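Remarks on the structure that follows.
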Amino acid sequence: MAEKKNGPTNVLIVGVGGQGVIMVSKVLAMLCQNHGYEVKQSEVHGMAKRGGGVFSHVRFGSSVWSPTIPVGEADVLVALEWAEALRWINYMNPQTGTFIADTQKIVPPFACRVRDRGADAMYSEETPAEIMENVRAGYAMDATSIAEDLGNLKAANTVLLGALSNSLEFSVDAWLEVIRSFVPPKSIDINMEAFAKGREWAQAGPKRVDENAKGRGVSGRDLHKQVETKLEITEEWCKGCDICVKMCPERCLRLNDQLISELHKPDACTGCRMCEWLCPDFAIKITNTPIMEPAE
Amino acid sequence: MAKRINLQGNQACALGAIAAGCTFYAGYPITPSSEVAEAMARELPKIGGTFIQMEDEIASMGAAIGASMGGLKVMTATSGPGFSLKQENLGYASGAEIPCVIINVMRGGPSTGMPTRPAQGDIMQARWGTHGDHAIIVLTPASVAECYSETVRAFELTERLRVPVVVLIDEVIGHLVETVDLDALKPSRLVTRKFADGPAEGFEPYAVTDDMVPPFPRPGDGYRSHTTGLTHLPSGFPTQNPSKAEAALVRTTDKLDLHADLIEAVEVAECDDADVVIASVGISARAGQAAVADLRSKGVKAGLFRPKTLWPFPEAALKAATKGAKAVVVPEMNQGQMVLEVERLLKNKSVHGLGKIDGEAITPAEIVTRVTEVLA
Amino acid sequence: MKDSVNEAEFQINDYIRLDQMPHFLCPGCGHGIALRALLWAVHELGIDKDKLAVVSGIGCSGRLSAYVDANSFHTTHGRPLAFATGLALARPDLHVIVITGDGDSLAIGGNHLIHACRRNLNMTCMMLNNEIYGMTGGQVSPTTTSNRYTTTTPAGNTEPVFDACALATAAGAGFVGREVTMQVTGLKNLLRDAIAHDGFSFVEVISDCTEIYGRKNDLGVSPEMMLSQKAGMRPEAYRNTVDVPFKPNALECGMLAKNDRPEYGATYRAMVDRIRGKGA
């Protein structure tokens with residue numbers, strides 16, 4: 001990338017808590033400092049704990065005044081998580097920006113909006129290929145899998161740095177020297193390899209999408225087997241105390257005109273058993289039968 | 001060779017219990033019955049039994065019943081205030097038909113009264129101490145040998161009939177030391193309650209059987225039955241249905257009538273030609289025995305009627321023994337308790353009490369004087 | 001901590017006497033939830049119903065034993081621990097569980113509770129604390145909160161309350177814990193650990209009496225009472241946190257004490273063996 005005539009170079013690094021957004025931005029900032037640039041790094045972290053959104057603005061050039069990147073002016077967007085990439089995509093310069101994202105998906109707890117057992121979480125439905133059509137240049141890569149193949153998931157960040165290195169005018173040796181100073185000694189070798197893999201992956205052209213990237217941990221089925229729930233109420237035992245009605249997280253029970261509990265929203269019932277456990281009269285019985293998925 | 005030893009009345013109760021197969025004792029210290037607990041604490045571990053001193057009288061009655069619910073032969077002992085405290089759980093044992101033996105060594109009352117002095121003030125409490133109509137058996141030994149043999153009999157009755165049995169002795173008998181032949185007293189057979197052994201399906205723990213004593217469901221044998229102090233159906237579960245409730249209660253009292261022959265025991269001496277019958281229990285009856293001899297030597301035709309089973313009162317035996325008598329004298333160490341029952345049963349006879357509550361035993365001379373007054 | 005040994009799914013109908021149902025408790029009474037948790041714990045431990053003895057006293061809590069498909073004993077007021085002591089000593093092969101209430105075990109039966117704790121005989125005591133004598137119509141109990149109205153405190157309760165768990169701990173119980181009914185799985189786990197403990201275990205369950213106590217004190221209906229009880233609880237994770245204003249979290253929940261004092265039944269039996277010249 002040619003040095004911009006006006007103002008600094010802007011790199012926006014985003015991800016979720018625990019991934020290493022801050023570490024990536026520190027590597028970059030250090031690298032720029034080593035090359036005599038003025039660097040401003042501005043970050044928000046800590047609020048989100050592990051799993052919440054984290055971002056870091058890195059600006060460098062001969063002189064930098066503002067610490068943050070205006071919307072639409074990021075030269076490179078580096079995303080360690082797919083949904084975070086999409087969340088920040090409007091910060092990227094539509095004409096000149098480069099998009100670098102790991103296709104790994106980390107689903108935040110509040111995205112589990114459908115509480116059916118085994119239900120899929122609410123998550124961005126756009127595929128990496130669809131996104132890539134709308135950016136000037138970019139790489140949607142399964143950095144996490146690349147790192148995993150090398151033997152350490154945590155090296156995914158370095159894979160992304162390798163990809164980023166193609167967009168900035170620093171020598172490979174300069175990158176490696178800084179990375180070496182940041183990572184633990186025993187993982188230096190893996191990080192060196194990870195950097196090379198990432199750099200190589202992004203050298204194929206201005207755009208590249210890993211068609212095989214699946215994303216991880218999105219499907220609820222991975223965590224819970226899907227079940228069919230049967231809720232039976234022994235009417236003779238029910239005394240209409242209202243506990244099941246008020247304690248049901250899905251509000252799918254009610255008292256009928258005889259003040260006996262009944263299931264009025266069967267589709268909303270997730271089989272969580274709260275009503276069964278809290279019924280003081282043993283009047284509710286839940287049977288969750290696993291649904292056998294047809295063999296693929 | 002006969003095993004003759006000097007034995008105290010309270011200790012004889014303990015040895016009798018062991019001989020009868022008692023393997024659990026729960027008690028609480030109280031004068032003048034503590035020797036029973038001390039002897040049980042010494043003897044029970046030797047036979048692999050369990051002794052426990054509980055935190056109070058109520059708890060010791062409860063623990064004894066609890067162990068009996070587990071299927072063991074159990075006993076507790078107490079005196080005066082302790083007997084009052086045990087009454088609620090005693091009623092439970094009667095209502096739920098849990099076998100147990102209670103030794104009550106009577107002392108002066110009311111309240112703390114005269115702990116070391118004898119009395120016979122619990123005659124009515126032993127019968128009616130707990131609330132409500134209930135079945136109970138009360139035995140009254142009058143010697144150390146009888147403390148042993150009546151305790152054995154108490155176990156036989158409680159196990160056979162599933163009704164609590166009180167062995168009511170006075171402080172004099174309890175602390176009396178006499179020479180006894182233990183071998184001669186040793187029970188020839190052991191009576192153990194009938195445990196349920198039929199199918200568990202449809203089992204009713206309080207079913208009405210021919211002998212009116214339902215088989216006892218032992219925990220762990222698969223019956224999983226319910227035991228309650230509430231008035232209950234044959235199924236064991238509570239009822240307030242008037243006819244069913246009455247039937248359930250009446251069975252527990254009727255079973256004593258049915259087995260009256262087994263329960264009743266009296267000593268009748270020289271009553272056949274008696275003009276005056278001395279009716280008494282415990283140490284007072286022994287004074288009565290001496291009084292009879294004295295009166296006979298003076299030409300007065302006197303006889304002795306001594307219930308060994310005080311409750312249910314041996315009505316027929318009393319009537320038979322006093323058939324030809326002009327008067328009946330009832331010496332007792334209270335203000336007149338047993339005399340009320342004798343008066344009730346002998347409405348057309350001249351019945352006279354001889355009460356004493358000064359903490360001393362009644363002497364033969366006092367009885368002789370009273371008889372002389374009555375006949376005058 | 002003893003984990004579940006019975007992998008089969010818990011079905012309450014396997015552990016209750018169906019012919020006695022529905023039970024007699026008022027609508028919304030928390031005792032039913034506690035009974036479920038207890039039977040669930042029994043199920044997870046794989047205890048044979050024939051070897052289970054449930055002993056209860058008098059009051060609303062006392063009636064629960066009749067619904068358990070086991071050897072059940074409904075005894076006298078305040079005395080279930082005394083009966084259970086005899087039963088447990090007589091039959092060490094049985095799992096003895098006592099169900100009692102706040103009035104039953106802290107007032108009339110307080111003496112038996114402290115001595116059962118001291119003796120440390122192997123049994124489990126589940127005390128259902130609903131702060132009231134419900135069966136008799138709502139009289140003040142040793143755990144009725146200050147200023148609350150009952151039929152015998154028409155101007156509000158002026159007596160201080162008992163902390164049953166502190167009492168049990170001080171008296172030496174082998175295992176002490178407390179839980180609210182709302183946390184039914186936590187309660188189940190606590191009861192499971194309590195039953196598995198070798199010695200005397202005491203579990204206080206904070207239960208709700210909606211019909212009498214709740215109504216008289218405007219505490220809301222059952223779900224509201226249960227939620228407020230939960231809000232007042234202080235789980236183990238909160239032990240060292242600073243109090244939040246207006247939210248005291250004063251009710252310590254979870255396992256509160258555990259010690260390995262010798263179990264009394266084993267101690268006694270060892271003594272008997274020694275006397276009889278058996279064993280060491």
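Name the pairs: first residue in the stretch C:22-35 and within 7 Å of chain A (Cβ to nearest Cβ) and closer than 9 Å to A:Pro280 by Cβ, second residue acidic (Asp, Glu) and assigned to a loop (DSSP other than H, G, I, E, B), Cβ to Cβ under 6 Å, at least 6 apart or on different chains? Here the result reads C:Gly30/C:Asp208; C:Gly32/A:Asp281, each pair linking the stretch C:22-35 to a residue that is acidic (Asp, Glu) and assigned to a loop (DSSP other than H, G, I, E, B).
Quick check on this structure: which one of B:Asp122, B:Asp133 is charged (D, E, K, R), outside the structural domain of B:Ser284 (by TED's automatic domain parsing) and surrounded by 24 or more Cβ atoms within 10 Å (Cβ to Cβ)?
Numbers: B:Asp133 fails: surrounded by 24 or more Cβ atoms within 10 Å (Cβ to Cβ).
Answer to the selection: B:Asp122.
Taking the options B:Pro234, B:Pro187, B:Pro199, name whichever one is assigned to a loop (DSSP other than H, G, I, E, B), under 24 Å from the mean Cα position of the chain (by Cα) and more than 12 Å from chain C (Cβ to nearest Cβ). Steps first, please.
Details: B:Pro234 fails: under 24 Å from the mean Cα position of the chain (by Cα); B:Pro199 fails: under 24 Å from the mean Cα position of the chain (by Cα).
Selected residue: B:Pro187, the only one of B:Pro234, B:Pro187, B:Pro199 that is assigned to a loop (DSSP other than H, G, I, E, B), under 24 Å from the mean Cα position of the chain (by Cα) and more than 12 Å from chain C (Cβ to nearest Cβ).
Considered as a group, the residues in the stretch B:23-62 that are part of a helix (DSSP H, G or I) and facing another protein chain (nearest Cβ under 7 Å) include one that is surrounded by the fewest Cβ atoms within 10 Å (Cβ to Cβ), and that residue is B:Lys46.
Considering only residues that are in contact (Cβ under 8 Å) with a residue 12 or more places away in the chain, more than 15 Å from A:Ile13 (Cβ to Cβ) and in a helix (DSSP H, G or I), which ones fall in the stretch A:149-174? Within the stretch A:149-174, A:Leu150, A:Lys154, A:Ala155, A:Val172, A:Ala174 meet the criteria. Note on the stretch C:176-223: among residues that are among the small types (Gly, Ala, Ser) and assigned to a helix (DSSP H, G or I), the one that is nearest to the other protein chains (Cβ to nearest Cβ) is C:Ser222.
Going through the stretch B:63-89 one residue at a time, which ones are assigned to a helix (DSSP H, G or I) and surrounded by 24 or more Cβ atoms within 10 Å (Cβ to Cβ)? Please lay out each step first, then the result.
The initial filter retains those residues of the stretch B:63-89 that are assigned to a helix (DSSP H, G or I), namely B:63-69, B:80-89.
Listed by number, the residues that qualify are B:Ala63, B:Ala64, B:Ile65, B:Gly66, B:Ala67, B:Ser68, B:Met69, B:Gly80, B:Gly82, B:Phe83, B:Lys86, B:Asn89.
Taking the stretch C:62-94 as the range and being more than 7 Å from chain B (Cβ to nearest Cβ) and in contact with a helix residue (DSSP H, G or I) (Cβ under 6 Å, 6 or more places away or on another chain) as the test, the residues that pass are C:Leu64, C:Tyr67, C:His77, C:Gly78, C:Leu81, C:Pro92.
When you check B:Val144 against the structure, is it within 22 Å of the chain's Cα centre (by Cα), surrounded by 15 or more Cβ atoms within 10 Å (Cβ to Cβ) and under 14 Å from B:Ala20 (Cα atoms), yes or no? Spell out how you get there, then give the answer.
On the way: within 22 Å of the chain's Cα centre (by Cα): yes; surrounded by 15 or more Cβ atoms within 10 Å (Cβ to Cβ): yes; under 14 Å from B:Ala20 (Cα atoms): no.
No.
As a summary of the residue check, C:Thr153 satisfies the conditions (1) more than 30 Å from B:Ser60 (Cα to Cα); (2) surrounded by 24 or more Cβ atoms within 10 Å (Cβ to Cβ) except for the one numbered (2). Quick check on the stretch B:248-259. Is at least one of its residues over 30 Å from B:Leu346 (Cβ atoms) and of a type in the set (A, V, I, L, M, F, W, C)? Yes - at least one qualifying residue is present in the stretch B:248-259. Listed here are the strands (runs of 3 or more DSSP E) enclosed by the stretch B:292-366 that have at least 2 residues being over 18 Å from the mean Cα position of the chain (by Cα) and crowded, with 19+ Cβ neighbours inside 10 Å: B:302-307, B:327-332, B:350-355. Filtered by the rule that a residue be more than 8 Å from chain C (Cβ to nearest Cβ), surrounded by fewer than 18 Cβ atoms within 10 Å (Cβ to Cβ) and not in a strand (DSSP E or B), the stretch A:235-254 gives A:Glu235, A:Pro249, A:Glu250, A:Arg251. Among the conditions (1) closer than 30 Å to A:Lys186 by Cα; (2) of a type outside the set (S, T, N, Q); (3) assigned to a helix (DSSP H, G or I), A:Ala140 misses just one, which is (3). Taken as a whole, the structure leaves B:Gly80 outside the set of residues that are within 16 Å of the chain's Cα centre (by Cα), within 14 Å of another protein chain (Cβ to nearest Cβ), small (Gly, Ala, Ser) and farther than 24 Å from B:Arg224 by Cβ.
The values are calculated or read from the model by the stated rules, or taken from the named source; none is laboratory data. What you see is a predicted model; the values in this text were computed from it and never measured. Note: ideal-geometry Cβ built from the backbone for every residue, glycine included; neighbour counts use all protein chains shown.
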